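The values are calculated or read from the model by the stated rules, or taken from the named source; none is laboratory data. These numbers were taken from a predicted model, which means no experiment stands behind them. Cβ coordinates were reconstructed from backbone atoms using ideal geometry, including for glycine residues, and neighbour counts include every protein chain displayed. Surface areas here come from the heavy atoms of the whole protein model, side chains and all, with no ligands, DNA or RNA. Shrake-Rupley method; radii C 1.70, N 1.55, O 1.52, S 1.80 Å.
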Amino acid sequence: MARTRTTDVLVVGAGPVGLSAAAELRRRRVRCRLIDRLAAPLPYAKAVGIQPRTLEIWDRMGLARAALEAAIDMRGQLVYVNGRERVRIELTLPPEVPYGFAALPQYETERLLEEYVIGLGTTIERGTELLSFTQDEDGVTAVLRTAAGAEEEARVGYLIGCDGAHSTVRKQLGLTFEGGAFPEEYMLADVEADWDLPYGYGVRSSHVADDGSTDDLLVCIPLPGTGRYRMSMLVPPGLSTAATVPDGTGSSDGTGGTARGDGVAHGLEAGRAPELPHIQAVVDRLGPMPATLSRMRWSSVFRISHRIVDRYGEGRVFVAGDAAHIHPPTGAQGMNTGIQDAGNLAWKLALACRGEAGPDLLASYDAERRPVGEEVVGRTVRHATQGTDADPDDPRTVMLREAQLLVSYRGGPLARSTYGQARAPRPGDRAPDCAGLTTAVAAYPLRLLDILRGRTEHVLLLYAAEPAQLAAAAVASGVVRWPDGGPQAEHRPQTLAVLAREAPRTGLDGLAAVPGYHDAAGEFARLYDPDGPTGFVVRPDGHLGARFPLAVAAAALRDYVASLSMPAASPRA
């Protein structure tokens with residue numbers, strides 16, 4: 001058996017989640033290999049919904065513009081029951097949210113991410129399969145089968161399983177995957193319809209029987225292109241597959257499939273594919289208006305399960321995306337949740353690979369992300385079985401949650417501080433974007449996302465109403481110095497100053513080396529609700545790590561560093 005060079009991280013599975021993990025690692029200069037058992041990417045529009053939170057993550061990476069040029073905006077959904085329009089849902093968000101909902105075929109998402117990863121120096125090793133692995137205190141030894149059929153032994157520091165619903169990594173790690181499956185089978189098709197529906201609106205049309213059950217269903221999501229939709233519907237009896245499901249062609253992570261001897265029926269099936277007349281018949285019954293379908297690019301039968309692992313990793317091996325959680329596609333939560341899994345894990349692994357964090361920080365991946373996965377699985381199952389009427393929250397909260405803007409790690413191991421008003425963003429919450437930040441040089445206002453774009457480490461934001469007040473409090477507390485024992489000098493957080501809109505456009509005496517911005521529109525103050533001179537630590541994944549009065553900044557930063565389980569280190573310059 002051939003042996004290969006060592007690397008920091010092996011990512012198994014090159015769907016959207018695996019590509020995201022590799023991208024987040026590589027832009028932090030972590031060495032990684034990315035393998036996928038498939039010889040080529042799949043040309044299917046499976047996961048198509050892009051949530052506003054995902055676009056924020058891509059903005060931080062510098063990928064958002066390319067995605068926006070390839071996607072279309074999702075404006076809402078038209079809901080029909082028994083042939084009558086019941087409601088028109090508008091996908092509106094508060095004006096401070098920088099992005100709306102979008103639709104993009106999964107193969108386009110994978111193309112954009114792959115180009116990004118290649119630009120960072122990593123290519124997908126296609127046709128390469130993980131056969132087995134073992135781990136010890138110092139690393140992981142993985143046995144791979146390459147595209148040429150040869151076996152290879154690779155030594156890596158960490159391993160991430162992004163290999164879909166039938167994850168080899170999950171099985172060999174011994175994680176349980178508790179849950180169940182829906183008895184219904186569905187058809188998926190990528191087609192064009194010549195109806196005249198409002199641009200950017202999806203369609204959900206159902207037939208409800210006398211007993212209140214839904215016995216017929218059509219869901220259409222618009223895609224880029226004239227009249228193009230990804231349609232899903234119940235499978236007619238003539239196309240129903242046998243109980244034993246053949247090996248499939250892919251899950252939303254791009255490498256799984258339907259059951260492969262593990263009893264998990266989830267994803268596309270490799271059996272009989274629906275033909276255009278099958279799809280046309282459902283549109284004839286349930287379509288909101290007459291339409292002729294054409295140009296079917298692909299179709300398949302798929303099944304839905306709802307499962308989640310008992311833990312998101314063990315030791316040096318982790319799972320993310322469909323390898324960790326699968327559920328109904330309601331609300332386009334699956335792929336987007338997996339991308340957030342990857343972002344949460346990657347910055348922690350980057351610190352661990354540099355020797356700047358211990359196992360406690362890596363353990364926070366499970367502590368923070370597994371509750372999110374549980375909530376998403378439970379909510380999507382409720383919506384699939386009971387409909388959106390089962391949601392008791394107000395419409396604004398529902399919309400923000402569907403956009404994944406309410407994901408929070410409050411109460412987690414990295415969110416120790418509770419300083420601030422109850423309505424204010426707390427440690428663990430998403431760091432809100434805001435507009436109207438100006439400088440003396442730029443002739444246009446900036447968003448906070450503009451300032452954070454491209455940064456890979458923690459960012460320290462200092463807020464005060466007066467320049468002198470800010471400088472005095474910051475210098476006196478030593479806030480401009482990251483505590484000894486924290487990240488190495490080149491990886492320490494960028495410190496930025498934000499002044500209230502009443503502040504004059506003058507330099508920051510005592511903080512000349514700190515970039516400064518004015519809250520000219522007062523939006524930072526409104527959204528962050530600072531109580532006097534306040535400091536905020538923004539984590540690499542865009543969540544707040546800490547919030548504190550500048551008067552106690554040094555102690556607050558030491559406490560936050562401790563929460564990252566930084567090892568003891570000699571003083572650094």
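What do you reckon, is Tyr444 aromatic (Phe, Trp, Tyr) and within 25 Å of Ala553 (Cα to Cα)? No; evaluated as a whole, the condition is false for this residue. Does Arg31 meet the test of being closer than 15 Å to Ile160 by Cα and open to solvent by 20 Å² or more (accessible area, probe 1.4 Å)? For Arg31, the condition - closer than 15 Å to Ile160 by Cα and open to solvent by 20 Å² or more (accessible area, probe 1.4 Å) - is met.
Among all residues of the range 187-208, there is at least one that is out of contact with any Phe, Trp or Tyr (no Cβ under 8 Å at 6 or more places or on another chain), closer than 26 Å to Gly378 by Cβ and open to solvent by 20 Å² or more (accessible area, probe 1.4 Å). Based on this model, can you work out whether Ala47 counts as modelled with pLDDT under 95, under 26 Å from Leu218 (Cα atoms) and under 18 Å from the mean Cα position of the chain (by Cα)? Yes, satisfied.
Residues in the range 137-153 that are over 16 Å from Cys32 (Cα atoms) and free of Cβ contacts under 8 Å to residues at least 24 places away in the same chain: Glu137, Asp138, Arg145, Thr146, Ala148, Gly149. Residues in the range 182-216 that are in contact (Cβ under 8 Å) with a residue 24 or more places away in the chain, charged (D, E, K, R) and not in a loop (DSSP other than H, G, I, E, B): Asp190, Glu192, Arg204, Asp216.
Taken together, Gly179, Gly225 contain a single residue that is in a strand (DSSP E or B), open to solvent by 40 Å² or more (accessible area, probe 1.4 Å) and farther than 21 Å from Pro277 by Cβ, which is Gly179. Test Val169 against the stated conditions and say whether it is in contact with a helix residue (DSSP H, G or I) (Cβ under 8 Å, 6 or more places away or on another chain), hydrophobic (A, V, I, L, M, F, W, C) and either touching a residue at least 40 places away in the same chain (Cβ under 8 Å) or assigned to a strand (DSSP E or B) (or both). Taking the combined requirement at face value, the residue satisfies it. The single residue among Thr330, Thr337, Thr292 that is polar (S, T, N, Q), within 21 Å of Arg401 (Cβ to Cβ) and either in contact with a Ser or Thr (Cβ under 7 Å, 6 or more places away or on another chain) or open to solvent by 40 Å² or more (accessible area, probe 1.4 Å) (or both) turns out to be Thr330. Among the conditions (1) surrounded by fewer than 16 Cβ atoms within 10 Å (Cβ to Cβ); (2) assigned to a loop (DSSP other than H, G, I, E, B); (3) in contact with a strand residue (DSSP E or B) (Cβ under 7 Å, 6 or more places away or on another chain), the only one that Gly100 does not satisfy is (1).
Here Arg297 fulfils each of the conditions (1) open to solvent by 10 Å² or more (accessible area, probe 1.4 Å); (2) at pLDDT below 95; (3) farther than 23 Å from Arg26 by Cα; (4) touching a Gly at 6+ places or on another chain (Cβ under 9 Å) apart from (4).
Within the range 437-456, which residues are open to solvent by 10 Å² or more (accessible area, probe 1.4 Å), not polar (S, T, N, Q) and not in a helix (DSSP H, G or I)? Ala440, Val441, Ala442, Ala443, Tyr444, Pro445, Leu446, Arg447, Arg453, Gly454, Arg455, listed by residue number. The single condition among (1) at pLDDT 95 or above; (2) closer than 18 Å to Arg204 by Cα; (3) outside any strand (DSSP E or B); (4) not basic (Lys, Arg) that Leu78 does not satisfy is (3). In the range 426-436, is there at least one residue being more than 21 Å from the chain's Cα centre (by Cα), at pLDDT 90 or above and over 30 Å from Thr214 (Cβ atoms)? Checked the range 426-436: at least one residue is more than 21 Å from the chain's Cα centre (by Cα), at pLDDT 90 or above and over 30 Å from Thr214 (Cβ atoms).
Exactly one residue out of Gly507, Gly412 is small (Gly, Ala, Ser), at pLDDT 80 or above and part of a loop (DSSP other than H, G, I, E, B), and it is Gly412. Condition test on Pro467, is it farther than 30 Å from Leu405 by Cα, at pLDDT below 80 and open to solvent by 60 Å² or more (accessible area, probe 1.4 Å)? No: the conditions fail for Pro467. Among the conditions (1) touching a residue at least 12 places away in the same chain (Cβ under 8 Å); (2) open to solvent by 60 Å² or more (accessible area, probe 1.4 Å); (3) more than 23 Å from the chain's Cα centre (by Cα), the only one that Thr134 does not satisfy is (1).
Results for (1) of a type in the set (Val, Ile, Thr); (2) within 16 Å of Val11 (Cβ to Cβ), shown as yes or no for each residue.
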| site | (1), (2) |
| --- | --- |
| Val117 | yes, yes |
| Glu125 | no, yes |
| Phe133 | no, yes |
| Asp136 | no, no |
| Leu144 | no, yes |
| Ala148 | no, no |
| Tyr158 | no, yes |
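State yes or no: is Leu113 within 30 Å of Thr397 (Cβ to Cβ), in contact (Cβ under 8 Å) with a residue 60 or more places away in the chain, in contact with a Pro (Cβ under 7 Å, 6 or more places away or on another chain) and of a type in the set (A, V, I, L, M, F, W, C)? So Leu113 does not fit the description; no. Before we move on, is Tyr116 of a type outside the set (Gly, Ala, Ser) and open to solvent by 60 Å² or more (accessible area, probe 1.4 Å)? No. In this structure, does Leu42 turn out to be modelled with pLDDT of 95 or more and either surrounded by fewer than 22 Cβ atoms within 10 Å (Cβ to Cβ) or outside any strand (DSSP E or B) (or both)? Criteria not met by Leu42. Take the conditions part of a loop (DSSP other than H, G, I, E, B), over 19 Å from Thr330 (Cβ atoms) and among the small types (Gly, Ala, Ser) and apply them to Ala14. Does it pass? Judged against the criteria, Ala14 is a match.
Residue-level analysis places Val398 among those that are of a type in the set (Val, Ile, Thr) and either out of contact with any strand residue (DSSP E or B) (no Cβ under 9 Å at 6 or more places or on another chain) or open to solvent by 40 Å² or more (accessible area, probe 1.4 Å) (or both).
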